[in-house]
Amino acid sequence: MKIFAVSIYLILLILPLQGQPENIDYSRYVSLYDSGKHKTALKEMNKIIKNGSDDNRNYFIRGMANLKLKNYKAAIIDLTEAIDRNINKPSRAYYARGSAKVIIGDYNAGISDLSEAIKLDTTYFDAYRDRGRAWLEVKEYEKALDDTDRGMEMNPSSFVIFVTRGVAKFNLKDYDGALKEYYKAISLNPHNGVTYYKRGLVKEQMKDIDGAMLDYDRAIRLDPKKMSRAYVKRGMLKSGKDDFRGAIKDYNKAIKIDPDDYIAYANRGVAKARSKRKNYKGSIKDFTKAIQLYPNRPGAYNNRGFSKYNLGMYKESIDDYNKAIEINPNYSYPHTNRGRSLIELNQNSQACIDFKRALELGDEDATEYIEKHCGRE
């Protein structure tokens, strides 16, 4: 679960501007900031600082404008300056800087700042909430639950708290618990598509396929232009019911939203190969695209080899199986499949080596080929 917009509200609520030097007029900046004109507000604050105002709060204020404009590195520099100048109420600056660090992926440093904010203000709900989400990024799920426990005490109606708890419990394989958290989150905010998507993931794990399908439907209905992952998951469920035509339509929509979605290409390739039309040429194109996006995933090579095999391209299929085995020598299926291609090329002895190795690695289907082709080996 990715992070998040920083919860810094109106400047006047966080940082009263009274007591500033008389020759500096902040009213224009505040008016621009509060009306959402953050770019112009930033220019105004740059002008104030350039004109010689050395008040330490200026850097905090400019840092907030940079955060709103997603200038995260610039915000961190300004907030660090504010902290170094011993700004009043430093917990706010630590919170904002920590959130900016988390957003750019510097999770441990961000957590450190959020922890400092909590140390300075043990009732700082936003810091508990956002540190809870940051713990998810470093896979510290129990710590995420600890922070959200504290957050619930302060704000039992926080939608984000329950989503965070759902993610943590899902990753701890407490699916019943995760499901309850998502139901609570949805009761607080029934219009967030991502929450339905996440609840669908839980239902899949609990083998409630119809329930998962309904949740992916809801997620897509609420936010059809962003729910690429929901389209992919729904497509996978449709494939599981042999609705390959419906699955392909969902993968098409996912790819339209995210043209670099490896999983959508890989799964669309499988659906094309398994559909009634047996569109092996189309599946090869999809597997090739998937390989271009992630060249070290053995499954796409194995599946492309399978499609090539079905088009009679036995030597070319072996090249793909070789690559899949090179990436993961313990992947059983390309051993079986390479053996099948070798049989077509009259290389039975080598094929039997592959079949036996596939069986050792757990592919029970290899038994059939051993019995048929390796009786005298």
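The values are calculated or read from the model by the stated rules, or taken from the named source; none is laboratory data. Note that this is a predicted model, so its numbers are computed, not measured. Here the Cβ is made from the backbone with ideal geometry for all residues, glycine too, and neighbour counts use every protein chain on show. Areas reflect the complete protein model, heavy atoms only, side chains present, ligands, DNA and RNA absent. Shrake-Rupley method; radii C 1.70, N 1.55, O 1.52, S 1.80 Å.
When residues of the stretch 309-326 are filtered for being open to solvent by 50 Å² or more (accessible area, probe 1.4 Å) and outside any loop (DSSP other than H, G, I, E, B), how many remain?
Residues in the stretch 309-326 being open to solvent by 50 Å² or more (accessible area, probe 1.4 Å) and outside any loop (DSSP other than H, G, I, E, B): 8 in total.
Pick out the one residue from R297, R229, R234 that is buried (at least 17 other Cβ atoms within 10 Å of the Cβ) and in contact with an Asp or Glu (Cβ under 7 Å, 6 or more places away or on another chain).
R234
Can you run down the residue pairs with Cβ atoms below 8 Å, 6 or more apart or on separate chains, where the first is in the stretch 279-294 and of a type in the set (F, W, Y) and the partner is at pLDDT 95 or above and open to solvent by 40 Å² or more (accessible area, probe 1.4 Å)?
Pairs that qualify, where the first residue is of a type in the set (F, W, Y) and the partner is at pLDDT 95 or above and open to solvent by 40 Å² or more (accessible area, probe 1.4 Å), are Y280/N310; Y280/L311; F287/N303.
If I filter the stretch 23-48 down to residues being crowded, with 17+ Cβ neighbours inside 10 Å and over 11 Å from K68 (Cα atoms), which single residue comes out as modelled with the lowest pLDDT?
It comes out as Y26.
Condition (residue is without any contact (Cβ under 8 Å) to a residue 12 or more places away in the chain and farther than 30 Å from G235 by Cα) applied to the stretch 185-195: is it met by at least one residue?
No - not one qualifying residue is present in the stretch 185-195.
Do we find a residue being closer than 20 Å to A300 by Cα, modelled with pLDDT of 95 or more and surrounded by 23 or more Cβ atoms within 10 Å (Cβ to Cβ) anywhere in the stretch 187-196?
Looking for residues that are closer than 20 Å to A300 by Cα, modelled with pLDDT of 95 or more and surrounded by 23 or more Cβ atoms within 10 Å (Cβ to Cβ), one finds none in the stretch 187-196, hence no.
Could we say that E326 is within 19 Å of Y301 (Cα to Cα) and without any contact (Cβ under 8 Å) to a residue 12 or more places away in the chain here?
yes
Looking at the stretch 145-158, is at least one residue under 19 Å from the mean Cα position of the chain (by Cα) and among the hydrophobic types (A, V, I, L, M, F, W, C)?
From the stretch 145-158, those under 19 Å from the mean Cα position of the chain (by Cα) are none; that's our starting set.
Scanning the stretch 145-158 turns up no residue that is under 19 Å from the mean Cα position of the chain (by Cα) and among the hydrophobic types (A, V, I, L, M, F, W, C).
Among the listed residues F306, F287, identify the single one that is under 25 Å from the mean Cα position of the chain (by Cα), at pLDDT 95 or above, of a type in the set (A, V, I, L, M, F, W, C) and on the phi < 0 side of the Ramachandran plot.
One residue alone meets the criteria, F287.
Which fully enclosed helices (runs of 4 or more DSSP H) of the stretch 67-142 have 2 or more residues being charged (D, E, K, R) and under 26 Å from G36 (Cα atoms)?
So the answer is 72-84, 90-103, 125-137.
If we keep just the residues of the stretch 264-294 that are assigned to a loop (DSSP other than H, G, I, E, B) and closer than 23 Å to A230 by Cα, which is most open to solvent (accessible area, probe 1.4 Å)? Break it down stepwise before answering.
Of the stretch 264-294, the ones assigned to a loop (DSSP other than H, G, I, E, B) are 275-279, 294.
Next, only the ones that are closer than 23 Å to A230 by Cα stay: 275, 294.
Values: S275: 16, Y294: 104 Å².
That would be Y294.
When the residues of the stretch 89-122 are narrowed to those that are open to solvent by 10 Å² or more (accessible area, probe 1.4 Å) and in contact (Cβ under 8 Å) with a residue 40 or more places away in the chain, which ends up farthest from I76 (Cα to Cα)?
K89
List the residue pairs whose Cβ atoms are under 9 Å apart, where the first residue sits in the stretch 17-38 and is of a type in the set (D, E, K, R), the second is surrounded by 14 or more Cβ atoms within 10 Å (Cβ to Cβ) and modelled with pLDDT of 60 or more, and the two are 6 or more positions apart or on different chains.
D25/I48; R28/A41; R28/E44; D34/A41
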